[in-house]
């Protein structure tokens, strides 16, 4: 413990300058559950519009469990006044909520949620953008794309999405069809354990970025997903490609113990 002897000024670059958003606790009704892959559920929720849950693209909410535990999930849809929410939940064996969401959750079920939280939001800048996702780290990335598509395209952007196999890129039917949804944004899928017929990029997703972009000094990076990927990307981008540390924005998906 440190005891100050006088006035202090705290340097907290991750704290937003504007006043914080109001955190809301509310019940949310399940509208539908889609299961686009063997371990990902896309859950659409309807919170009461009167609850006033106002979020920014890239933020997340907590699902409150009956015993007081909570699980955090990024919002994948655009901000709206109707209380509509979209979560991408990866099924983790033994997961307190994720297994239930994938195996049993259905329309009209009720969840208790709280939020919004987080500062993983698009910065007011003209710098070109590298979007970096692993697994369901795609959720806040697609929220940014859906909300700020024109601005992101104008700045120049590329999304590197990593998975073990093609099915892990659960929102991509094909690269051209995905890019048609987000004109001006290039998609680079990277698979670490591909099938023999895979013709695309392989290996670790952050290494694919370094192979293509050796100088990141003028870029901003928005990375979301596995914390090991986040740490590796932050370290290598700043040390090897000159990315300013303050231009690396991230949201790590930490697995909660059962």
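Each principal axis of the Cα atoms in the chain has its own extent, and those three values, largest first, are 63, 48, 37 angstrom. Extension gain, residue 151 to residue 2, is 49.2 nm, computed as 0.36 nm per intervening residue step minus the present C-alpha separation. Pair-distance distribution of region 1-153: all C-alpha pairs, bin width 5 Å, starting at 0; shares per bin in whole percent are 2, 9, 16, 20, 18, 13, 9, 6, 4, 2, 1, 0. For region 24-117, averaging the sequence separation of C-alpha pairs within contact (under 8 Å, six or more residues apart) and dividing by the residue count gives a relative contact order of 40 percent. Sorted on the mean count of surrounding Cβ atoms within 10 Å across their residues, most packed first, peptides 134-144, 32-42 read 134-144, 32-42.
Helical content alone sets the calculated 222 nm signal of the chain at -5500 deg cm²/dmol, taking -39,500 (n - 2.57) per DSSP H segment of four or more residues and averaging over every residue. If R0 is 22 Å, the Cβ-Cβ spacing of residue 210 and residue 246 corresponds to a FRET efficiency of close to 0.70. As a calculated quantity, the FRET efficiency between residue 202 and residue 106 at R0 = 35 Å, using C-beta atoms, amounts to about 0.40.
The value of relative contact order for region 128-249, using C-alpha pairs under 8 Å at least six residues apart, is 30 percent. Report, in whole Å, the centroid distance computed from the Cα atoms of region 8-74 and region 142-169. Region 8-74 and region 142-169 have Cα centres separated by 20 Å. Please work out the FRET efficiency for the pair residue 231 and residue 23, using the Cβ-Cβ distance as r and a Förster radius of 30 Å; give the result to the nearest 0.05. The pair residue 231/residue 23 has a calculated efficiency of 0.60. By DSSP, the beta bridges lying fully in the chain are antiparallel in about 55 percent of cases. Dividing the mean sequence gap of close Cα pairs (under 8 Å, 6+ apart) by how many residues the chain holds gives a relative contact order of 17 percent. Between residue 93 and residue 173, residue separation times 0.36 nm minus the direct Cα-Cα distance comes to 26.2 nm. Report note on the peptides 170-179, 217-226: ranked by the mean count of other C-beta atoms within 10 Å, highest first, their order is 217-226, 170-179. If I model region 100-245 as equal point scatterers sitting on the Cα atoms and use the Debye formula, what is log10 I(q)/I(0) at q = 0.20 Å⁻¹? Computed log10 I(q)/I(0) values: -1.32.
Here, each number is a calculation from the coordinates, and none is a lab measurement. Everything numeric in this text was worked out from a predicted model, so none of it was measured. Note that each Cβ is placed from the backbone with ideal geometry, even for glycine, and that neighbours are counted across all protein chains shown.
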